[in-house]
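The values are calculated or read from the model by the stated rules, or taken from the named source; none is laboratory data. In this text the structure is predicted, and so the values were computed from the model without any measurement. Note that each Cβ is placed from the backbone with ideal geometry, even for glycine, and that neighbours are counted across all protein chains shown.
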């Protein structure tokens, strides 16, 4: 069964693989696409899809592929960097995409018979195509989750900067204490908008260490002068 989930590039065995896929689908259909054999098939399909998706996420190739499908997601440099270096982020996105794709694949490709053996694509290739169609929505959910995390991070950092327990006070304190330093103003603005230090570094052309140093100096300055500024 799992031999049908091997590489889907055209080769001399493509016809044999398609026939094997067709036989498998007919057999699974007779079982109502349920039971032990279907679960084994689903596990093999998921493993194949996860491997492909994680590779494309790490290389960034996934965004070019979905753009060709009409879904330009325009990833930021920070997003590309996170997916390239953060295995947990790749796993999160790949897992959610494959999970949703499996449900749609069963309903549409198998039960609905939208996959056809004469369509020129193996089951594995067809499933990866389903993953590509589901990815844009999962990427949007991922971005919303990251924004929520950044907002929480920003609140914590601003509270730390203000030393007051109230993040909104930082804006008033900043005007009173920090002075007309445009670089500092831009960094604080990005903090307020919820960006993490690595993202701020990317957006400002600074190093992460420079951003950390700037915020550390601002904390110290607020600690020294902020009490008097609050009256």
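Descriptive notes on the structure:
- All conditions in (1) free of Cβ contacts under 8 Å to residues at least 12 places away in the same chain; (2) surrounded by fewer than 15 Cβ atoms within 10 Å (Cβ to Cβ); (3) more than 27 Å from residue 16 (Cα to Cα) hold for residue 51, with the sole exception of (3).
- Qualifying residue in the range 77-96 (condition: exposed (fewer than 13 other Cβ atoms within 10 Å of the Cβ) and either over 13 Å from the mean Cα position of the chain (by Cα) or in contact (Cβ under 8 Å) with a residue 40 or more places away in the chain (or both)): yes
- Test: residue in the range 18-37 that is under 27 Å from the mean Cα position of the chain (by Cα) and either assigned by TED's automatic domain parsing to the domain that holds residue 95 or not in a loop (DSSP other than H, G, I, E, B) (or both): no
- On inspection, residue 45 passes the criterion of being within 24 Å of residue 119 (Cβ to Cβ), modelled with pLDDT of 95 or more and either in contact with a helix residue (DSSP H, G or I) (Cβ under 9 Å, 6 or more places away or on another chain) or outside the structural domain of residue 196 (by TED's automatic domain parsing) (or both).
- Any hit, the range 103-125, residues being within 15 Å of the chain's Cα centre (by Cα), assigned to a helix (DSSP H, G or I) and in contact (Cβ under 8 Å) with a residue 40 or more places away in the chain: no
- Total residues in the range 199-226, condition modelled with pLDDT of 80 or more, part of a helix (DSSP H, G or I) and surrounded by 14 or more Cβ atoms within 10 Å (Cβ to Cβ): 12
- Close Cβ contacts (under 8 Å, 6 or more residues apart or on different chains) running from residues in the range 181-202 that are on the phi > 0 side of the Ramachandran plot to residues that are in a helix (DSSP H, G or I) and modelled with pLDDT under 80 comprise 194/147; 194/150; 194/151; 194/153; 194/154.
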